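Undergrad: Sharing a structure here in structure tokens format.
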Amino acid sequence: MSLTPIRTRYTEQTVQRVRQHPLRMLNDAAGNTTPEKDYTNTHSTIGIVELLGGWFPVLTLLNALGICMTAYAFTSSRFGGAGLDTLFLPGLLVMFTPIALRLLLPTVARLERISLLCLLGYACYLVKVLSSPLYFAFFDEFLHWRTLDDIAHSGHLFTPNSLLPVSPYYPGLEIVTNALSTTSGLDSFHASLVVVGAARILMVLALFAMNEQILQSSRAASLATLLYMVNPHFLLFDAQYAYESLALPLATCMLFALSPHQVVSMRLTRLEPLAPLIKFSRERTNGLHNDLRWITFTAWLVLVAVIFTHHVTDFFFDALLIIWTIVYAAKRLMPLYRSHLVRTAVIGVLVSLVSIVRFGNPVVGYLTSFMNGAITELGHIVSGAGSAKQLFVNYSGPPTPLWERIMTVSSVGIITLCLPFGLLCLWKRSRSNALACTFGLFCLLYPVVQAFRLTNTGAEVADRAAAFLFIPLALVLAVVIVQFWPTDRLRWPQLAAITAAMSLVFLGGIVLGVGPASALLPGPYEAIADARSIEPQGIQAALWSHDYLKPANRVATDRINQVLMGTYGDQRIITTIQDSIDLSEVFLSTSLTPDGAALLQQAHIHYLVADTRLTHALPLLGFYYEESETGAFHHKTPVNTRAFAKFDADIQINRVFDSGDIVIYDVGGVRNAPTQ
Amino acid sequence: MHLRNSDLLLVTGIAALYTAMALLPTPSPIYSAVGLVFALPMVFFVPGYALTAMLAHRRVLDGSHRLLLSLGLSLALDIVCGFLLNLLPMGLRTLSWVLLLSGLTVLFALLVIYLRRGLVPVLRQSDNPATPRVTLPRATLISRGIRGAILCGFALTLTLSALLYAMQGVAHQPHPSFTQLWMLPPARVGTRCAVQVGLRSFEATTVTFNVVTTLNAAQVTAWPALVIAPNQAWQQTLSVAPVKSAQRTLVVVKLYKQSKPDTVYREVHMTLPAMCT
């Protein structure tokens, strides 16, 4: 790993200059037009043999070692062994750090950069697979599994899904999985693993290619792609079987397709006046027109796919296209009516509107109810009417360790600190590029969304937004590295410091995105802890309901048994989100009141599933049944044992199933009782 | 390298084989064995490759860009095709998927062959002598390449081992053992009512159970010393005799472990309606 040629060194004169004019120095560094000038061989062509003869195999081996360490950490955790800090995070560091260091070096060839990024992207995906290699374990995966199963059974789209009513209206992910599953014979779980794996490769390639188009440097592009991987949702959330995992790569692919639009359009504008006069210009103009057409068609096709895959990704990228168009117009690069970018933005918005207003699509209510709650809570905190959520406090279990807190704060702090410098560099370097300017504007949202971390209902907003905001943010952070540490001044201490900072941001992002260790590592059962709550007894109870009660009974239960009964059991789950009926009081109250009975009648409930483990533990997520339940996020004691015992005392309720922790009650008697 | 149609012949060949496999009578062992081999490229690569070749037929794309567009456009085409298939009565089924994806691939390939007519052969970037190329002695390159390939093979083996190890971990993760006891709603059997009582053991070892049934607190049936192995189920239909004095009949089934005969291990109960008495 040679760093030659070394051109200049810091001299006393340089140091003096920094002391005297730090702002000027800053401005010079940001405006340096050739920060990578001596490394033309970065663009050299190498083949597979050269790739295998370089550092790539060694780094592949290190990644495999990291995967082994995480596999051991997962298995150890399953058997009650060591936690997060022993092998899991070190394993991730073994995967990330050597590749980060290699990508920082200026002499690495483009093919090796792409290969290393794909390697790391896929290794991160394997970490998620290792966390549950035999069945779905993430909460959102169950929601989409239900939609996938509905498509497989009916052969058609749009079967209602009460677990996530919006899912059937955005079936892109399930369609691709269905195509693979039905034509290959793979079962739903394994087909889903392959689909998300393919989406992961698409994401890495699209990010690299898009960043390369904007920054015109494979080194800067590889750093930007690497920095995207430090976002809190890259490791697990965007590797799960959920619509965002496919929509985001597709949307990035759409951006890549559109990214040369400005350059092609400008060339065309310059050449067009000459076209009638000069034959060469005419041919070139035709070629550029053809380029614009295929770029636009590609972008449209992928954009339509995004629109029918995930709503939030669709809305975010529609907004990005609109802002990009406005910036484009402000720069007066060419008349708007002739711009393919404007047409793309209009098409995007129109198709999105058509998708939204389709009969029955609940997306507006779904998103506004969530955002309204978050914004209202934030407003209360700002106005002093409400108290901010205590950071790093779990609803159950031990508090977040100090080292995890430091890492998390450092991660957000480093990014926020680098942001102004990155924006300055971007302005100096790429202000003529409308897409780069648009990215700069979107980066400003990063500090804003961090405020939502102080709310209970909106804390998720900050993490969810990261997956989108890191596309521009990673580019800006990469520009900071490239501009402030030009290749002719790179030394090992700087390389080590930058690599260490990136590794810290990476680990901090993981802790930030996943939360407490119990949510990240597998292990013994915990109450309402999503992956930790998925265990054989719940699955077997759901399978029993499928075999003995038959599918499509109307069932009410807690958050975890909802997804188990809805998927393994194929039952019709009654949820607030679908039915606008909150049944949590029926479970939490110590007596079955007339109001409770009326709710059961109103919802036509046939079976109640009670998990008695909820009477022993607080919920990790802060609520047992619904976010709107009494005491949500403030439970101090577990569910009262009398809350479930009341069902045994009612002669209209039959206790039809008992597996120790899970009891199923037939409340058909209450449902069919005459109303008073 | 000159622009030729060998790539299109290859994708058309894959599409043809894919269709032929799907048209074999099901369940075909050949299809289940090699279905994945053809399904993977047909779902993730081939249609997008043909479409990319059609759209950018005047362009020589960089390899990574071609791979990216092939993958991205294939996924986008899959989604759009899914909506189209949804409009057909047949819906999203094996045959409809295969015919549509193969048909589109062949259509795009034919269009590309047509569009490529008369195009001047173009140099790829990698074939351009002006593009700098890392050069090392051939022998050194080959020996380094072999060493690298061995390392990559070792890495792959390690990764697969890690995956198998994780699977073993999930399979053998300790969970509390349990047994399910159930009583299903009544079914009319002649003039008497009946309920179905069952249990399934998920205990770690074979366990001996006692099942006791009461009707309005009076014991009517007992199944003593049921020896149930792990994953084994037991079921009985219990006929309920009329209780003339009562308007309702409360049937209670209790499960005891023989090792703890005084502790109720599981319990289910059901109130039979008046018409049953």
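Undergrad: Do the conditions hold for A:LEU173, that is, is it in contact (Cβ under 8 Å) with a residue 40 or more places away in the chain, within 7 Å of another protein chain (Cβ to nearest Cβ), in contact with a helix residue (DSSP H, G or I) (Cβ under 7 Å, 6 or more places away or on another chain) and aliphatic (A, V, I, L, M)?
TA: In short, no.
Undergrad: So, in region A:261-288, of the ones that are of a type outside the set (Asp, Glu) and within 11 Å of chain B (Cβ to nearest Cβ), which residue ends up nearest to A:ALA345 (Cα to Cα)? So that I can check it myself, show each step before the final result.
TA: Filtering region A:261-288 for residues of a type outside the set (Asp, Glu) gives A:261-271, A:273-282, A:284-288.
Cutting the leftovers down to within 11 Å of chain B (Cβ to nearest Cβ) gives us A:286-288.
On the way: A:ASN286: 24, A:GLY287: 24, A:LEU288: 21 Å.
Among residues in region A:261-288 that are of a type outside the set (Asp, Glu) and within 11 Å of chain B (Cβ to nearest Cβ), the one nearest to A:ALA345 (Cα to Cα) is A:LEU288.
Undergrad: Something else now. Looking at region A:289-297, is at least one residue within 10 Å of another protein chain (Cβ to nearest Cβ), buried (at least 16 other Cβ atoms within 10 Å of the Cβ) and closer than 28 Å to A:ARG464 by Cβ?
TA: no
Undergrad: Residues being within 20 Å of A:THR575 (Cβ to Cβ), of a type in the set (A, V, I, L, M, F, W, C) and either crowded, with 16+ Cβ neighbours inside 10 Å or touching a Ser or Thr at 6+ places or on another chain (Cβ under 6 Å) (or both): count how many of those fall in region A:342-376.
TA: Total satisfying the criteria: 3.
Undergrad: Got at least one residue in region A:662-671 being away from every other protein chain (no Cβ under 13 Å) and under 16 Å from A:ILE560 (Cα atoms)?
TA: no
Undergrad: Could you grab me the full set of residues in region A:48-92 that are closer than 30 Å to A:GLU535 by Cβ and in contact with a Pro (Cβ under 7 Å, 6 or more places away or on another chain)?
TA: Across region A:48-92, the qualifying residues are A:MET69, A:PHE74, A:SER77, A:ARG78, A:PHE79, A:GLY80.
Undergrad: If I ask for residues that are of a type in the set (A, V, I, L, M) and facing chain A (nearest Cβ under 7 Å), which ones from region B:97-114 would you list? Reasoning before the result, please.
TA: Pass one, region B:97-114, residues of a type in the set (A, V, I, L, M): B:98-101, B:104, B:106-107, B:109-113.
Matches in region B:97-114: B:VAL98 only.
Undergrad: If a residue counts only when it is farther than 19 Å from A:ASN161 by Cβ and out of contact with any Asp or Glu (no Cβ under 8 Å at 6 or more places or on another chain), which helices (runs of 4 or more DSSP H) contained entirely in region A:534-647 have at least 3 such residues? Talk me through it step by step, then tell me what you get.
TA: Numbers: elements: A:536-544, A:559-567, A:576-579, A:584-588, A:594-602.
Once the helices (runs of 4 or more DSSP H) in region A:534-647 are filtered for at least 3 residues that are farther than 19 Å from A:ASN161 by Cβ and out of contact with any Asp or Glu (no Cβ under 8 Å at 6 or more places or on another chain), what remains is A:536-544, A:594-602.
Undergrad: Scan region A:382-405 and tell me whether some residue there is within 23 Å of the chain's Cα centre (by Cα) and at pLDDT 80 or above.
TA: Scanning region A:382-405 turns up at least one residue that is within 23 Å of the chain's Cα centre (by Cα) and at pLDDT 80 or above.
Undergrad: Criterion first (crowded, with 17+ Cβ neighbours inside 10 Å, closer than 24 Å to A:THR298 by Cβ and either modelled with pLDDT under 90 or touching a Ser or Thr at 6+ places or on another chain (Cβ under 7 Å) (or both)) does B:ALA56 satisfy it? Explain how you work it out, then say what you get.
TA: Details: crowded, with 17+ Cβ neighbours inside 10 Å: yes; closer than 24 Å to A:THR298 by Cβ: yes; either modelled with pLDDT under 90 or touching a Ser or Thr at 6+ places or on another chain (Cβ under 7 Å) (or both): yes.
Spelling it out, B:ALA56 is indeed crowded, with 17+ Cβ neighbours inside 10 Å, closer than 24 Å to A:THR298 by Cβ and either modelled with pLDDT under 90 or touching a Ser or Thr at 6+ places or on another chain (Cβ under 7 Å) (or both).
Undergrad: Something else now. So, of the residues in region A:91-107 that are over 16 Å from A:ASP488 (Cα atoms) and not aliphatic (A, V, I, L, M), which turns out to be farthest from the chain's Cα centre (by Cα)?
TA: The first filter runs over region A:91-107 and keeps only residues over 16 Å from A:ASP488 (Cα atoms), leaving A:91-102.
Filter again for not aliphatic (A, V, I, L, M), leaving A:91, A:96-98, A:102.
On the way: A:GLY91: 21, A:PHE96: 19, A:THR97: 22, A:PRO98: 24, A:ARG102: 26 Å.
Restricting to residues being over 16 Å from A:ASP488 (Cα atoms) and not aliphatic (A, V, I, L, M), the top hit is A:ARG102.
Undergrad: I need the helices (runs of 4 or more DSSP H) fully contained in region A:353-453, keeping only those with at least 3 residues that are of a type in the set (Phe, Trp, Tyr). Working first, answer last.
TA: Numbers: elements: A:363-383, A:402-430, A:434-443, A:445-449.
Passing ranges, in order: A:402-430.
Undergrad: Could you list all residues from region A:590-638 that are within 30 Å of A:LEU520 (Cβ to Cβ) and among the aromatic types (Phe, Trp, Tyr)?
TA: Just the residues of region A:590-638 that are within 30 Å of A:LEU520 (Cβ to Cβ), to begin with: A:609-638.
Listed by number, the residues that qualify are A:PHE623, A:TYR624, A:TYR625, A:PHE633.
Undergrad: Of A:LEU620, A:LEU599, which residue is more than 14 Å from chain B (Cβ to nearest Cβ) and modelled with pLDDT under 90? Break it down into steps so the answer makes sense when it comes.
TA: On the way: A:LEU599 fails: modelled with pLDDT under 90.
None of the others qualify; the one that does is A:LEU620.
Undergrad: Of the residues A:LEU367, A:LEU320, A:LEU303, A:LEU292, only one is modelled with pLDDT under 90, under 19 Å from B:GLY72 (Cβ atoms), out of contact with any strand residue (DSSP E or B) (no Cβ under 7 Å at 6 or more places or on another chain) and not acidic (Asp, Glu); which? Steps first, please.
TA: Values: A:LEU367 fails: under 19 Å from B:GLY72 (Cβ atoms); A:LEU320 fails: modelled with pLDDT under 90; A:LEU303 fails: modelled with pLDDT under 90.
Exactly one of A:LEU367, A:LEU320, A:LEU303, A:LEU292 is modelled with pLDDT under 90, under 19 Å from B:GLY72 (Cβ atoms), out of contact with any strand residue (DSSP E or B) (no Cβ under 7 Å at 6 or more places or on another chain) and not acidic (Asp, Glu), namely A:LEU292.
Undergrad: When region A:299-318 is examined, which residues are found to be assigned to a helix (DSSP H, G or I), surrounded by 24 or more Cβ atoms within 10 Å (Cβ to Cβ) and within 9 Å of chain B (Cβ to nearest Cβ)?
TA: Matches in region A:299-318: A:VAL302, A:LEU303, A:ALA305, A:VAL306.
Undergrad: So if I check each of A:VAL129, A:VAL108, which one is in contact (Cβ under 8 Å) with a residue 60 or more places away in the chain, assigned to a helix (DSSP H, G or I) and β-branched (Val, Ile, Thr)?
TA: On the way: A:VAL108 fails: assigned to a helix (DSSP H, G or I).
Just a single option satisfies the conditions, and that option is A:VAL129.
Undergrad: Here is a follow-up. Test each condition in (1) over 30 Å from A:ALA152 (Cα atoms); (2) buried (at least 18 other Cβ atoms within 10 Å of the Cβ); (3) of a type in the set (S, T, N, Q); (4) touching a Gly at 6+ places or on another chain (Cβ under 7 Å) for A:THR615 and report the one that comes out false.
TA: For A:THR615, the exception is condition (4).
Undergrad: Would you point out the residue of region B:1-13, among those that are modelled with pLDDT of 85 or more and surrounded by fewer than 19 Cβ atoms within 10 Å (Cβ to Cβ), that is nearest to the chain's Cα centre (by Cα)?
TA: Taking the candidates together, the pick is B:GLY13.
Undergrad: Further question: For region B:205-222, give me each residue that is over 17 Å from B:THR263 (Cα atoms) and within 43 Å of the chain's Cα centre (by Cα).
TA: Answer for region B:205-222, where residues must be over 17 Å from B:THR263 (Cα atoms) and within 43 Å of the chain's Cα centre (by Cα): B:THR205, B:THR206.
Undergrad: Being outside any loop (DSSP other than H, G, I, E, B) and either more than 9 Å from chain A (Cβ to nearest Cβ) or at pLDDT below 60 (or both) is the filter here, so list the residues in region B:119-152 that pass it.
TA: Residues of region B:119-152 that are outside any loop (DSSP other than H, G, I, E, B), as a first pass: B:125-127, B:133, B:138-152.
Passing the criteria: B:GLN125, B:SER126, B:ASP127, B:ARG133, B:ARG138, B:ALA139.
So that you can scan it fast, the table gives a plain yes or no per residue for (1) facing chain A (nearest Cβ under 10 Å); (2) in a helix (DSSP H, G or I); (3) out of contact with any helix residue (DSSP H, G or I) (no Cβ under 8 Å at 6 or more places or on another chain); (4) at pLDDT 95 or above:
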position	(1), (2), (3), (4)
B:VAL34	yes, yes, no, no
B:PRO41	no, yes, no, no
B:SER64	yes, yes, no, no
B:GLY72	yes, yes, no, yes
B:LEU85	yes, yes, no, yes
B:LEU95	yes, yes, no, no
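The values are calculated or read from the model by the stated rules, or taken from the named source; none is laboratory data. Because the structure is predicted, anything quoted here is derived from the model rather than measured. Note that we place each Cβ from the backbone using ideal geometry, even for glycine, and neighbour counts take in every protein chain shown.
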